[in-house]
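Everything on this sheet refers to the single structure shown next.
Only the coordinates and a few stated rules stand behind these numbers; no lab work does. Just so we're clear, the structure is a prediction, and the values are computed from it rather than from any experiment. We place every Cβ from the backbone using ideal geometry, glycine too, and count neighbours over all the protein chains shown.
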Amino acid sequence: MLLFAKEDAFSFIDACKTYNISILGIDSFFLFDDKIQPSLDNSIDFSSNYYKPIFDDIYTESKEFIRHKDEKLYFEIVCKE
């Protein structure tokens, strides 16, 4: 599992856009001294049939989703292989 702080997540999303790598979802986590706590309330599955996009492209959608999240969160960006 590769986790990104908010600013690093933005850079990773930009790289995905540059290389045309699809983003399927974003999982969020709180990190503690010796624990990782998933935060389902701060995660999103773009591949779900229930997901309704707000923006024209998945990269903007991803960045906007992360932009409004707590600075203490770390993000795993799930990409299509």
- Query: Among the listed pairs Lys35/Lys63; Lys6/Lys69; Lys52/Lys72, which are separated by more than 20 Å between their Cα atoms?
  - Reply: Lys35/Lys63; Lys52/Lys72
- Using +1 on the beta carbon of Lys and Arg, -1 on that of Asp and Glu, and nothing else charged, what's the dipole of the chain about the Cα centre, debye to 20? 120
- Between 0 and 90°, nearest 10: helix 58-67 axis offset from the chain longest Cα axis: 30
- Message: Nearest 10 degrees is fine. How inclined is helix 6-18 to the longest principal axis of the chain, computing both from alpha carbons?
- Response: 30
- Can you give the Rg and Dmax of the stretch 6-79 based on its C-alpha atoms, in angstrom? 12.2, 39
